[in-house]
Amino acid sequence: MDIAFHNIPSSPELEADIRGRVEKLERLFDRMVGCRVAVEAQHQSHQTGNVYDVHIEMVVPGGELVVSRQPKRAKEKYANPDVHTSIRDAFAAAERQLKSYKSQLRGDVKSHAVREPGQVSQLYPAEDHGFILTSEGSQLYFHRNSVIDDGLEDLQVGDKVDYVESMGDTGPTAVKIFKRGPARGQA
């Protein structure tokens, strides 16, 4: 296991936290060959807090699984974002990706996509994306191309939607969004 720090001093506490989280990944998938973790302070700001990028490379039979977490809107999600928050989020994404990889190795295949209930929590039409508040209370990213029937412009914050979740390159995303209510042309 390799741990690297860039623009941030190493500390025994941070290293112990990372080692513990890597051990959890190794227990989850005992065939993992190695793991490299890099923590980088992107910039320092007294008003919005420091922003940390956490990069995790898990070496597995047949290749590597990579998680690179650049916290987006960390100040909106957390009252006091810090390096521990960034590490926790990155390892949560790594765990999801490792579970997905294990399922692929076992040949687990979902017979059909399951629609989940949610609510549009944020919209950024100029940037072609938005976020859904899930029933578990987490935020799930979606791209304009994921909106079925109605376009992204027809959605509003607060709209009730159904969605299909899938594992993307950086973690779970909503790949199909269905607005609840009557379809177009119906009353």
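The values are calculated or read from the model by the stated rules, or taken from the named source; none is laboratory data. Here the structure is a predicted model, which is why all the values come from computation and not from measurement. We place every Cβ from the backbone using ideal geometry, glycine too, and count neighbours over all the protein chains shown.
Quick notes on this one:
- Total residues in segment 167-187, condition at pLDDT 80 or above and among the hydroxyl-bearing types (Ser, Thr, Tyr): 1
- Output for segment 138-162, where each listed residue is over 21 Å from LYS99 (Cα atoms) and within 17 Å of the chain's Cα centre (by Cα): PHE142, HIS143, SER146
- Residue count for segment 12-42, restricted to those that are exposed (fewer than 13 other Cβ atoms within 10 Å of the Cβ), over 18 Å from HIS55 (Cβ atoms) and touching a strand residue (DSSP E or B) at 6+ places or on another chain (Cβ under 9 Å): 1
- All positions within segment 69-84 that are modelled with pLDDT under 85 and in contact with a helix residue (DSSP H, G or I) (Cβ under 8 Å, 6 or more places away or on another chain): ARG69, PRO71, ALA74, TYR78, PRO81
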